[in-house]
């Protein structure tokens, strides 16, 4: 299946900062959700800025629907919905005011669909945004982003700071969105449990570099962690280790295929692992 977003060897640096994106590459197939994870300052927002052409990249290529975005790519932008981690709407406006303005911004604005989302999210149409809670504000942003029928939805920490019930409501909407194989989502988040629920792929960025970009099911069901004593650890071939981390009484070893490792090291306990534990071992462990 062809990709809806292709990022290849993206590099971005800043004059007065040591931070830089280092040859970022990943691909989002159509009909899928890509979880984009990394600690604060890892480069997620900078990457998204380059994708949306609000930041000028140093080099590399970014193709959305097979095309490079420019300042004049009006049609391309109309196929993208964006939600940031904070409210971008003037607080004195109501959802009705926003809908009236969006008709002039988006040629594909669907007010009927917008009303459906307001009803689904239980958002009062004529109340000012300043009366909304954070959860209501983020639901409104999602409703606006989806009401013009985008094909690519980009979310920059849109679920951070929300309670589990609100996050669950929004995640269900995301899953519905990608039931159409022409739609995809780039979901930047540090909440790995959300990504384990909805993502098809996980891309992990750390200090401006991609650590891995992999199918979620491969990470969840193939990867494993060996819980070793020192004597057991010394017998493990270094080529079988992706990373390891020593604790007071145990050494955790990350392996890419727990079934193969179980056959090769039958006396060692091998556990299922989580995306969060994989990230911690790859960042804080020894490679």
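For the chain, a Gaussian network of Cα nodes joined below 10 Å ranks 95, 150, 266 by mean-square fluctuation, and the top entry is 266.
Fewest neighbouring Cβ atoms within 10 Å first, the residues 91, 15, 6 line up as 15, 91, 6. For labels at residue 173 and residue 227 in the simple 7 Å Cα→Cβ model, what's the distance in nm? Here the modelled spin labels are 4.1 nm apart. Among 92, 148, the ranking by other beta carbons within 10 Å of each residue's beta carbon, starting with the fewest, stands as 92, 148. Computed from the Kirkwood radius of its Cα pairs, the Stokes-Einstein diffusion coefficient for the stretch 204-287 at 4 °C and 1.567 mPa s stands at 100 µm²/s. With neighbour counts taken as other beta-carbon atoms within 10 Å, the residues 102, 138 rank, fewest first, as 102, 138.
The order of the peptides 170-176, 36-42 by mean Cβ neighbours within 10 Å, most packed first, is 36-42, 170-176. With respect to the chain, whose longest principal axis is taken over its alpha-carbon atoms, helix 275-284 is tilted by about 60°.
Between the helical axis of 134-146 and the longest alpha-carbon principal axis of the chain there is an angle of about 80 degrees.
Largest mean-square fluctuation among 99, 141, 158, in a Gaussian network model of the chain whose springs join Cα atoms under 10 Å apart, belongs to 99.
Working from Cα pairs under 8 Å separated by at least six residues, relative contact order for the stretch 3-219 is 31 percent. DSSP bridge analysis restricted to the chain gives an antiparallel fraction near 65%, rounded to the nearest 5. Working value for the stretch 57-176: equivalent-ellipsoid semi-axes of 25, 17, 14 Å, each the square root of 5 times a Cα gyration tensor eigenvalue, largest first. Subtracting the Cα-Cα distance of residue 63 and residue 127 from their residue separation scaled by 0.36 nm leaves 19.1 nm.
Restricting to the stretch 78-225, what percent of DSSP beta bridges are antiparallel, rounded to 5? Counting DSSP beta bridges with both partners in the stretch 78-225, the antiparallel share is about 40 percent. Of interest is the spacing of the C-alpha centroids, which for the stretch 212-251 and the stretch 88-137 amounts to 48 Å.
With one equal scatterer per alpha carbon and no solvent term, the Debye-computed log10 I(q)/I(0) for the stretch 194-239 at 0.26, 0.27, 0.29 1/Å reads -0.92, -0.95, -1.01.
A short reminder: the numbers here are calculations on the coordinates, not readings from a lab. Worth saying up front: this structure is predicted, and the values here are computed from it rather than measured. Note: ideal-geometry Cβ built from the backbone for every residue, glycine included; neighbour counts use all protein chains shown.
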